[in-house]
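First comes the structure, then the notes that go with it.
The values are calculated or read from the model by the stated rules, or taken from the named source; none is laboratory data. Keep in mind that this is a model prediction, so the values were computed, not measured. As a convention, Cβ positions derive from the backbone with ideal geometry for all residues, glycine included, and neighbour counts pool all protein chains shown. Surface accessibility is based on the protein's heavy atoms, side chains included, excluding ligands, DNA and RNA. Shrake-Rupley method; radii C 1.70, N 1.55, O 1.52, S 1.80 Å.
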Amino acid sequence: MSALLHAKDLVVAYETGRGRVQALDSLNLTVEPGETLAIVGESGSGKSTLGLAVGRLLPAVALKESGSLTLQGQEVFAAAPDALRRLRRDLLGFVFQNPMSALDPTMRVGRQVSRAAGGCGTAEMQALLVKAGLDEPERVAASYPHELSGGMAQRVVIAMAIARGPALLIADEPTASLDVSIRARVMKTLLDLQKDAGASLIVLTHDLHLAARSCQRLAVMYGGRVVEVGRSATVLSRPAHPYTRGLLAAAAGNEAPGEDLKPIPGLPPLLRQRAPDCSFAPRCPFAEARCTDLRPEARELDRREVVCHLAERVLVEASR
Ligand code: ATP
Ligand code: SF4
Ligand code: MG
């Protein structure tokens with residue numbers, strides 16, 4: 001089976017007034033057809049940059065500097081304008097944190113959903129709304145976005161994202177702006193529709209509980225790299241990276257579902273260039289001299305991939 005999405009040594013940087021920020025630091029990641037993958041990490045770890053890069057939707061100040069990103073074998077950053085439009089329209093569906101920013105405030109919802117579905121008729125448009133869990137499709141279709149609740153608006157966005165049967169859905173904090181009481185139900189709708197469509201799903205989130213409940217695979221990002229990736233159950237039951245371990249300890253059931261990760265002491269890095277060492281070293285309880293001398297690279301260990309010089313030791317700790 002060939003990968004649906006493949007990022008190899010992907011480097012994306014932002015040129016800002018205060019200098020260059022390297023948001024993705026030679027990132028590697030693969031997504032297979034039909035799978036669900038959660039990407040977790042603190043604020044600034046590069047989750048949204050990665051999500052936007054998949055659709056080549058990065059702002060003008062961002063530059064893909066090197067590496068490759070392919071979707072069904074097509075190089076996203078080399079696609080001609082027509083091919084890029086097709087790729088976005090036929091392969092991708094996006095659900096962002098704030099549904100209102102994805103909807104046109106001046107157009108009735110039904111028309112927006114029809115357009116997203118390529119100009120479909122009323123019956124098909126209403127069927128999409130029902131699929132997305134909206135049980136009064138006529139009323140919703142006749143409404144303007146501001147007349148809907150946040151949860152309803154996000155369901156409309158989900159209906160639009162699945163309208164053309166995408167191969168990959170990318171959901172960036174899809175429930176974070178919603179009332180806690182409806183987050184689980186909206187997430188379930190997204191997962192049901194992903195499954196029905198046979199699409200792959202990437203959920204980008206701070207919420208480790210949401211990630212663990214929703215997705216088969218889990219990737220942990222730190223400093224613009226995927227530092228650990230494997231089956232969610234494997235990674236969460238026996239983390240091999242100290243950062244994953246720290247996230248788990250911070251989220252050890254003390255907070256309500258949907259609450260953000262409590263920060264591990266210290267601050268995430270603001271990278272100006274490729275990290276020459278392990279960028280987690282200043283916060284890592286396992287760090288030794290080699291961590292600041294040598295950049296760790298990804299390797300297979302105990303049924304997952306991990307980027308840490310001392311992962312064997314971390315695993316032993318995890319099984320104690
Ligand atoms: P959050 O959890 O807060 O959404 P994130 O993991 O999605 O964070 P990104 O938004 O991808 O992280 O940011 C990665 C890095 O790129 C950060 O250092 C951020 O400050 C920087 N960055 C992101 N967007 C821009 C931008 N438009 N201009 C300049 N720098 C940016
Ligand atoms: Fe910690 Fe060293 Fe592993 Fe980095 S490489 S996570 S500093 S033990
Ligand atoms: Mg983000």
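Residues that are surrounded by 14 or more Cβ atoms within 10 Å (Cβ to Cβ), within 14 Å of ligand 1 (Cβ to nearest atom) and either farther than 16 Å from Gly41 by Cα or over 21 Å from the mean Cα position of the chain (by Cα) (or both): does region 261-270 have at least one? Looking through region 261-270, none of the residues is surrounded by 14 or more Cβ atoms within 10 Å (Cβ to Cβ), within 14 Å of ligand 1 (Cβ to nearest atom) and either farther than 16 Å from Gly41 by Cα or over 21 Å from the mean Cα position of the chain (by Cα) (or both).
Taking region 159-177 as the range and being at negative phi and acidic (Asp, Glu) as the test, only Asp172 passes.
If you check Val95 against the conditions, is it crowded, with 21+ Cβ neighbours inside 10 Å, over 22 Å from Ala7 (Cα atoms) and either at pLDDT 95 or above or of a type outside the set (Phe, Trp, Tyr) (or both)? Answer is no for this residue. With respect to being in a helix (DSSP H, G or I) and touching an Asp or Glu at 6+ places or on another chain (Cβ under 6 Å), Gly67 falls outside the description.
Being away from ligand 3 (no atom under 16 Å from the Cβ) and open to solvent by less than 20 Å² (accessible area, probe 1.4 Å) is a description that applies to Leu71.
Comparison of Leu63, Leu52, Leu71, Leu10 shows that the only residue that is hydrophobic (A, V, I, L, M, F, W, C) and within 22 Å of Glu300 (Cα to Cα) is Leu10.
When Leu4 is tested against (1) farther than 22 Å from Arg272 by Cα; (2) open to solvent by less than 50 Å² (accessible area, probe 1.4 Å); (3) modelled with pLDDT under 95, only condition (3) is not met.
If only residues of region 88-112 that are of a type in the set (A, V, I, L, M) and touching an Asp or Glu at 6+ places or on another chain (Cβ under 9 Å) are counted, the one that is nearest to ligand 1 (Cβ to nearest atom) is Val95. Among the residues of region 39-64, those that are among the small types (Gly, Ala, Ser) and assigned to a loop (DSSP other than H, G, I, E, B) comprise Gly41, Ser43, Gly44, Ser45, Gly46, Gly55, Ala60.
Against the test of being more than 16 Å from ligand 3 (Cβ to nearest atom), crowded, with 16+ Cβ neighbours inside 10 Å and within 14 Å of the chain's Cα centre (by Cα), the options Val31, Val54, Val76, Val11 yield a single qualifying residue, Val31.
Restricting Glu65, Glu124 to those that are open to solvent by 70 Å² or more (accessible area, probe 1.4 Å), within 27 Å of Val156 (Cβ to Cβ), among the acidic types (Asp, Glu) and more than 16 Å from ligand 2 (Cβ to nearest atom) reduces the list to Glu124.
Give Val226, Val156, Val180, Val235 a once-over and let me know the one that is at negative phi, surrounded by 19 or more Cβ atoms within 10 Å (Cβ to Cβ) and more than 16 Å from ligand 2 (Cβ to nearest atom).
Val156
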